[in-house]
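In what follows, a single structure is set out as structure tokens and then discussed.
The values are calculated or read from the model by the stated rules, or taken from the named source; none is laboratory data. These figures come from a predicted structure and were not determined experimentally. Cβ placement follows ideal geometry from the backbone for every residue including glycine, while neighbour counts extend to all protein chains displayed.
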Amino acid sequence: MRYRILGLGLLLVAACSRPTEQSAPSAPRVQIARSTVKEITIWQEYSGRLEAVEQVEVRARVEGYLDKILFRPGQAIKAGDLLFVIDPRPFAIRLKQAEAELSAARATLELAKSHLVRAERLLAKKFIAQEDYDTKRAELLAAEAKVQAAQAQVEAARLDLSFTEVRAPISGIIGREEVTAGNLVKGGGADATVLAVIVRTDPIYAYFDVDERTALRYERISSPPVQVQLALADEEGFPHIGRLDYLSPRLDWSSGTRTFRAIVANPEGRLKPGMFARIRLAQGSPSPALLVPDKALVANLAQKGVWVMDEQHIVSFRPVTPGPLIDGWRVILEGLRPGEWIVVEGMQKLKPGIAVLPEKDDGKL
């Protein structure tokens, strides 16, 4: 009897010392968030290029030696500002010569008038022939023509003298001088010397290409103006605001796109012609959309979906149709209802039908 009790005790000790062959797995911890409906504006992004609203090549209008340069490259200027001075002395001399010739022509005209008056008196008394009178009258007409020609020469000389002061035709930003002081510049005609280039950059144009289907949709929108947002390569978000103001009437067959143009305010001049930019175009007015955090979206083979948790904390994989990404939130077009709990972190250990330990995510809409 003693041996039997001892054997039973040994069996109990051995049984207690063996590890448990199977233990219930603990429920994985996950973070969850609700799908939410919010009024949003859906945007489409494009790559574009910036171009100046106005660009003018400042050219010399008269030939001469460049005397002065009165601006700094990159300076903001206003229309009418004096930029260059071409040596005015030769043109001042020509003006004086033209004025002298005008004075001489006027004197000749006065003399011709006197001769005609005298000839009229003599003709009335039959002291001269009609032919002599006609000669005096023709001399008067010729003198009047010479006065008009001399007056035109004075005006041309005065205009050339004014062209020695080269002024800004538009307001904007001026580039570097293309010719330094002391050089001979050509004026007038197609080969006139380019002295500098002025661009107007506020506002500025942004050109970008849009596919045919999207272009047709925007072509039907007339009011209100379609908003455009723009950002440079080093900028966060889209800080520059503009509006769509031109749609090319022609489709590019090679690419299947049409060119759009936006006009964007640029008061600080940060946007420069020739730069590339990211452009965001609103698809329409704000409208309700179902949103989930983008990190909740997972890919399962060929499908995209989210893990949905029910009231018993049981999860299941739900295929969805995702829309565009807006500030970290993904638009869900189909497959999900408003207010459903979805898993946003901890999806790696999930399997359909298992229970989870949920914690609310801190993300907010």
So Ile93, is it hydrophobic (A, V, I, L, M, F, W, C) and either buried (at least 17 other Cβ atoms within 10 Å of the Cβ) or not assigned by TED's automatic domain parsing to the domain that holds Val147 (or both): no
Tally, over the stretch 102-123, of residues that are acidic (Asp, Glu) and crowded, with 18+ Cβ neighbours inside 10 Å: 0
The lone exception for Ala152 - which of (1) in the same structural domain as Val185 (by TED's automatic domain parsing); (2) surrounded by fewer than 16 Cβ atoms within 10 Å (Cβ to Cβ); (3) at pLDDT 95 or above it fails: (1)
Residues (free of Cβ contacts under 8 Å to residues at least 60 places away in the same chain, over 16 Å from Pro88 (Cα atoms) and not aliphatic (A, V, I, L, M)) located in the stretch 147-169: Gln148, Gln151, Gln153
Pull out all pairs, ordered by first then second residue, where Cβ-Cβ is under 7 Å, the residues are six or more apart or on different chains, the first lies in the stretch 262-274 and is in contact (Cβ under 8 Å) with a residue 12 or more places away in the chain, and the second is surrounded by 14 or more Cβ atoms within 10 Å (Cβ to Cβ) and assigned to a loop (DSSP other than H, G, I, E, B). Val264/Leu271
Going through the stretch 281-305 one residue at a time, which ones are aliphatic (A, V, I, L, M), without any contact (Cβ under 8 Å) to a residue 40 or more places away in the chain and in contact with a Lys or Arg (Cβ under 6 Å, 6 or more places away or on another chain)? Leu297
Under the condition of being exposed (fewer than 15 other Cβ atoms within 10 Å of the Cβ) and modelled with pLDDT of 90 or more, which residue from the stretch 23-37 is nearest to Val306 (Cα to Cα)? Arg34
Looking at (1) surrounded by fewer than 17 Cβ atoms within 10 Å (Cβ to Cβ); (2) farther than 29 Å from Val58 by Cβ; (3) modelled with pLDDT under 90, find the lone condition where Ala215 falls short. (1)
Only unsatisfied item for Ala100, checking (1) within 60 Å of the chain's Cα centre (by Cα); (2) touching a residue at least 12 places away in the same chain (Cβ under 8 Å), is (2)
Touching a Phe, Trp or Tyr at 6+ places or on another chain (Cβ under 9 Å), in a strand (DSSP E or B) and of a type in the set (D, E, K, R): is that true of Asp209 in this structure? yes
Based on what the data block shows, is Thr259 modelled with pLDDT of 90 or more, in contact with a Ser or Thr (Cβ under 7 Å, 6 or more places away or on another chain) and surrounded by fewer than 19 Cβ atoms within 10 Å (Cβ to Cβ)? yes
